[in-house]
Amino acid sequence: MTTIPYARQSISAEDIEAVVQVLRSDWLTQGPAVARFEAAVAAYCGSRFAVAVSSGTAALHIACLAAGLSAGKRLWTSPNTFVASANCGRYCDATIDFVDIDPADGNLSASLLEAKLAKAQSEGTLPDVLVPVHYAGHSCDMAAIGALARRHGIVVIEDACHALGGAYRNRAVGACEHSDMAVFSFHPVKTIATAEGGMVLTNSEELYKRLMVLRTHGVTREPSLMEGPSEGGWDYHQIALGFNYRLSDLHAALGVAQMSRIDDFLERRREIARRYDEALRGLPLELPARRADTQSAFHLYPVRIAKRKGGPSRRELFDALHAAGVAVQVHYIPVHTQPYYRRLGFHPGDFPNAEAFYGSVISLPIFPGLTTADQDRVVAALHRLLA
Ligand SMILES: *Cc1c(COP(=O)(O)O)cnc(C)c1O
């Protein structure tokens, strides 16, 4: 009996051929495939600009730098996320804080944000950057969050690493209608895979120019950005402290090929979610909530185990599913409870909604290549263990 993973990339013969073509070409590092990949994602999401980088984490880092985040400034994010959503602020020496989640969907709560902003305003500790995370692929309430951020002059960077292909109020996630920038990851478990890879989307030409410089050492050849006249065709100016965060053409070619399949990927994920919705109804599980104005990309299908006498604990269910060949995962250990963040002064109990969510959640397998037979195995195991 093979083990069913919780997530897996889907690589076709065409995807492989696209990478092989780059290997036979003149360019291996950042070249024409990167520009094609950026254009494909920007067109799909409806943003003006896109900057491809070597990972979603690198994308978050340069987005924070482009937003002007630095020592003494503040970044707020959700505790129900991968550590990268907060670490990007620490890379800039900023102070991190969290806004607790709405237990209904696991997303940063707009009403808790409003209350926390009011308190911060009276104390003079308003954040400079806010990173809402679209947990499981289901967009945060960005109209409410964006309006609060604008009122207080806060830069909004959407951590949309789960949500490529999702939509909010009839616009694709990544359109940046209620934010300054949106960040995607192309890690193999995400909507599309480039092995490692990430992207920042924005509608601001100014932010775009900063991002382009930051991904490649802070170096530019663009006359309008150079400080003083060029000394010749070889000349470049380093105008900021940037990084080598470039994506290679090998990765980008895979990204372009995957983008041509994205609608099939999303349709399959949504179909799997619908089948879980039906097959798990009646079990002591809370299924993923969806707002009517939001279309999830279904990066995850997280279920929460109802507490009841005689029923298995989350740990028992996790272990029993693994023993049955279903490699479920848990998303997420609240970031503020990690040892590194505890050393910065956070404690268990600081964000009770995220901690309670973590205490009962399990991510079921969902990915385009999950067969109906394998999904039925997951469902049967859950019925057996929870009946
Ligand atoms: C995957 C992920 C990241 C980091 O992306 P990488 O490409 O692995 O660096 C950041 N935030 C969230 C919410 C993610 O799921």
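Determine if the stretch 310-333 includes at least one residue that is touching a residue at least 60 places away in the same chain (Cβ under 8 Å) and of a type in the set (Ser, Thr, Tyr).
Scanning the stretch 310-333, I find at least one residue that is touching a residue at least 60 places away in the same chain (Cβ under 8 Å) and of a type in the set (Ser, Thr, Tyr), so the answer is yes.
Go through the stretch 319-387 and tell me which helices (runs of 4 or more DSSP H), entirely inside it, have 2 or more residues that are surrounded by 21 or more Cβ atoms within 10 Å (Cβ to Cβ).
Numbers: elements: 339-343, 352-360, 372-386.
It comes to 352-360, 372-386.
ILE11: assigned to a loop (DSSP other than H, G, I, E, B), open to solvent by 30 Å² or more (accessible area, probe 1.4 Å) and at pLDDT 95 or above, yes or no? Working first, answer last.
On the way: assigned to a loop (DSSP other than H, G, I, E, B): yes; open to solvent by 30 Å² or more (accessible area, probe 1.4 Å): yes; at pLDDT 95 or above: yes.
Taking the combined requirement at face value, the residue satisfies it.
Quick test of your reading of the structure: ALA252 fulfils all but one of (1) open to solvent by less than 40 Å² (accessible area, probe 1.4 Å); (2) out of contact with any helix residue (DSSP H, G or I) (no Cβ under 8 Å at 6 or more places or on another chain); (3) within 16 Å of the ligand (Cβ to nearest atom); (4) assigned to a helix (DSSP H, G or I). Name the failing condition by number.
With (1) open to solvent by less than 40 Å² (accessible area, probe 1.4 Å); (2) out of contact with any helix residue (DSSP H, G or I) (no Cβ under 8 Å at 6 or more places or on another chain); (3) within 16 Å of the ligand (Cβ to nearest atom); (4) assigned to a helix (DSSP H, G or I) applied to ALA252, the lone miss is (2).
Hey, can you tell me all the residues within the stretch 47-61 that are near the ligand (Cβ under 8 Å from one of its atoms), in contact with a helix residue (DSSP H, G or I) (Cβ under 7 Å, 6 or more places away or on another chain) and among the hydrophobic types (A, V, I, L, M, F, W, C)?
Within the stretch 47-61, LEU60 is the sole residue that qualifies.
Exactly one of these conditions fails for SER139: (1) assigned to a loop (DSSP other than H, G, I, E, B); (2) within 9 Å of the ligand (Cβ to nearest atom); (3) open to solvent by less than 10 Å² (accessible area, probe 1.4 Å). Give me its number.
For SER139, the exception is condition (2).
Of all residues in the stretch 14-28 being among the aliphatic types (A, V, I, L, M) and part of a helix (DSSP H, G or I), which is surrounded by the fewest Cβ atoms within 10 Å (Cβ to Cβ)?
Looking at the filtered set, the residue picked out is LEU23.
The values are calculated or read from the model by the stated rules, or taken from the named source; none is laboratory data. All values reported here derive from a predicted model rather than from experimental measurement. Reconstructed Cβ throughout: ideal geometry from the backbone, glycine too, with neighbour counts over all protein chains shown. Accessible surface areas use protein heavy atoms only, side chains included; no ligands, DNA or RNA. Shrake-Rupley method; radii C 1.70, N 1.55, O 1.52, S 1.80 Å.
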